[in-house]
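S.K.: One structure follows; several queries about it will come next.
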Amino acid sequence: MSDKPHVMIHSSWYPPALARLDEIAITHHLYKADDKAAFLAEHGPKCSAIGTMHSCDVSLIEACPNAELILNFGVGYDGVDVAKASERGIKVVNTPAVLNDCVADMALALLLSSRRRVVHADAYARAGRWAAEGDYPYTLNAHSTKVGIVGLGRIGMEIANRCAAFKMEIAYHKRTPRDDVPFKYYADLVEMARDCDIMIAITPGGDATRNLISRPVMDALGPEGLLVNVARGSVVDHDALIAALNEGTLGAAALDVYPSEPNIPEALFEMRENVVLTPHIASATHYTRMAMGMVLYDNLKAKTEGRELITPVN
Ligand code: A2R
């Protein structure tokens with residue numbers, strides 16, 4: 001009999017990385033099962049680990065009563081019930097750091113697309129409107145603007161580095177100021193928004209940051225202001241966002257994340273000129289998704305060999 005650990009895979013992640021787990025584990029793919037309850041009843045009790053990309057709630061934890069480890073594919077673990085896991089002595093690991101550059105690249109891609117209207121101008125060009133109607137309307141600068149980064153952690157710092165290279169002035173908000181950066185700190189988000197042209201959200205999700213970007217923040221950003229969200233959908237009040245964009249009190253939004261993925265609030269689809277939408281792809285390159293998968297692989301291997309976990313969150 002194999003002494004490999006059994007792992008309940010709740011949701012698939014980057015297939016080549018997921019396939020590597022089979023070298024060191026016996027994986028059970030719940031997302032492929034038609035009868036999930038029967039699948040969990042059959043395989044849950046033998047699993048000492050759970051793998052997930054989106055969520056791991058109490059029912060999944062309870063269906064795997066011998067689980068000791070949760071592998072969370074992503075740096076954000078707001079979908080995992082960490083409190084319940086801790087209560088049961090289950091360790092949770094995530095995939096920090098290896099996705100910093102990719103997410104920061106995407107933040108800048110969204111920022112530049114929005115300020116220079118790349119997506120809308122592409123549609124204008126393809127529709128033959130240049131020849132028919134004349135030059136595309138003038139857009140707004142990316143350089144020589146002030147950008148406020150909400151959450152200056154691992155990814156936030158990479159965003160700041162890129163913004164500096166794009167000749168933007170940088171400000172930031174988080175709960176505790178950093179003493180290792182030259183950027184202006186704002187304890188108050190509305191105050192920062194008032195002073196900025198662009199705001200980029202890159203905090204964790206969860207209750208502590210729910211609707212942190214509120215209507216007053218959007219209004220303070222103003223009619224020429226841009227909100228970029230590469231954090232979590234829950235960080236932005238989307239009803240307020242749609243209202244602010246419709247009323248023109250906020251100029252533009254460029255979003256990679258949404259409150260109820262994979263659904264996107266339909267009102268945003270109609271906003272073609274001032275809204276750029278991507279389907280939660282900030283870390284989704286082959287290179288980075290493989291690296292994320294290998295962080296989970298290395299954690300599972302460490303656990304199996306009785307070594308310290310590499311990226312524990314509890
Ligand atoms: O607040 P602080 O001083 O703990 O700073 C963290 C900040 N942050 C917050 N800022 C304002 N209000 C809050 N309630 C709040 N909670 C946390 O977010 C820190 O500057 C930043 C998070 O940085 P890291 O822990 O290094 O996370 P990383 O790797 O940059 O990823 C951020 C998030 C993920 O959790 C995913 O949701 C997303 O990016 O992909």
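S.K.: Just checking, how many residues over segment 49-65 are under 20 Å from residue 304 (Cβ atoms) and surrounded by fewer than 19 Cβ atoms within 10 Å (Cβ to Cβ)?
M.R.: 1
S.K.: Residue 239 - would you say it is over 17 Å from residue 282 (Cβ atoms) and modelled with pLDDT of 95 or more?
M.R.: Yes, satisfied.
S.K.: Output yes when any residue across segment 251-258 is open to solvent by 20 Å² or more (accessible area, probe 1.4 Å) and modelled with pLDDT of 95 or more, and no when none is. I'd like the intermediate steps shown before the answer.
M.R.: Applying the first criterion (open to solvent by 20 Å² or more (accessible area, probe 1.4 Å)) to segment 251-258 yields none.
Within segment 251-258, not a single residue is open to solvent by 20 Å² or more (accessible area, probe 1.4 Å) and modelled with pLDDT of 95 or more.
S.K.: Could you please find all residues in segment 125-154 being in contact with a helix residue (DSSP H, G or I) (Cβ under 7 Å, 6 or more places away or on another chain) and open to solvent by 20 Å² or more (accessible area, probe 1.4 Å)?
M.R.: If the condition is that a residue be in contact with a helix residue (DSSP H, G or I) (Cβ under 7 Å, 6 or more places away or on another chain) and open to solvent by 20 Å² or more (accessible area, probe 1.4 Å), then 130, 136, 139, 140, 141, 146, 154 are the ones that fit.
S.K.: I would also like to ask the following. Could you run through segment 266-314 and say how many residues are assigned to a loop (DSSP other than H, G, I, E, B), away from the ligand (no atom under 16 Å from the Cβ) and over 25 Å from residue 105 (Cβ atoms)?
M.R.: Initial filter on segment 266-314 (assigned to a loop (DSSP other than H, G, I, E, B)): 271-274, 278-285, 305-311, 313-314.
Those still in the list that are away from the ligand (no atom under 16 Å from the Cβ) too: 271-274, 305-309.
Going one step further and asking which of them are over 25 Å from residue 105 (Cβ atoms), we end up with 305-309.
Counting residues in segment 266-314 that are assigned to a loop (DSSP other than H, G, I, E, B), away from the ligand (no atom under 16 Å from the Cβ) and over 25 Å from residue 105 (Cβ atoms) gives 5.
S.K.: What do you reckon, is residue 228 within 12 Å of the ligand (Cβ to nearest atom) and either among the acidic types (Asp, Glu) or modelled with pLDDT of 95 or more (or both)?
M.R.: no
S.K.: Only one residue in 70, 61, 26, 9 is within 16 Å of the ligand (Cβ to nearest atom) and either out of contact with any His (no Cβ under 9 Å at 6 or more places or on another chain) or touching a residue at least 12 places away in the same chain (Cβ under 8 Å) (or both). Which one? Spell out how you get there, then give the answer.
M.R.: Numbers: 61 fails: within 16 Å of the ligand (Cβ to nearest atom); 26 fails: within 16 Å of the ligand (Cβ to nearest atom); 9 fails: within 16 Å of the ligand (Cβ to nearest atom).
Selected residue: 70, the only one of 70, 61, 26, 9 that is within 16 Å of the ligand (Cβ to nearest atom) and either out of contact with any His (no Cβ under 9 Å at 6 or more places or on another chain) or touching a residue at least 12 places away in the same chain (Cβ under 8 Å) (or both).
S.K.: Tally time: how many residues in segment 231-250 are over 21 Å from residue 119 (Cα atoms) and surrounded by fewer than 15 Cβ atoms within 10 Å (Cβ to Cβ)?
M.R.: Total satisfying the criteria: 2.
S.K.: Which residue out of 160, 164, 187 is free of Cβ contacts under 8 Å to residues at least 24 places away in the same chain, crowded, with 19+ Cβ neighbours inside 10 Å, over 24 Å from residue 245 (Cβ atoms) and more than 8 Å from the ligand (Cβ to nearest atom)?
M.R.: Among 160, 164, 187, only 160 is free of Cβ contacts under 8 Å to residues at least 24 places away in the same chain, crowded, with 19+ Cβ neighbours inside 10 Å, over 24 Å from residue 245 (Cβ atoms) and more than 8 Å from the ligand (Cβ to nearest atom).
S.K.: Identify the single condition in (1) in contact with a strand residue (DSSP E or B) (Cβ under 7 Å, 6 or more places away or on another chain); (2) more than 30 Å from residue 223 (Cα to Cα) that residue 98 does not satisfy, given that it satisfies every other one.
M.R.: For residue 98, the exception is condition (1).
S.K.: Looking for whichever is within 11 Å of the ligand (Cβ to nearest atom) and either crowded, with 16+ Cβ neighbours inside 10 Å or in contact (Cβ under 8 Å) with a residue 60 or more places away in the chain (or both) here; the options are 171, 201. Which one fits?
M.R.: Going through 171, 201 in turn, just one is within 11 Å of the ligand (Cβ to nearest atom) and either crowded, with 16+ Cβ neighbours inside 10 Å or in contact (Cβ under 8 Å) with a residue 60 or more places away in the chain (or both): 201.
The values are calculated or read from the model by the stated rules, or taken from the named source; none is laboratory data. Owing to the predicted nature of the structure, the values given are computational and were not obtained by experimental measurement. Cβ atoms come from the backbone with ideal geometry, glycine included; neighbour counts cover every protein chain shown. Protein only, heavy atoms only, side chains kept; ligands, DNA and RNA dropped before computing areas. Shrake-Rupley method; radii C 1.70, N 1.55, O 1.52, S 1.80 Å.
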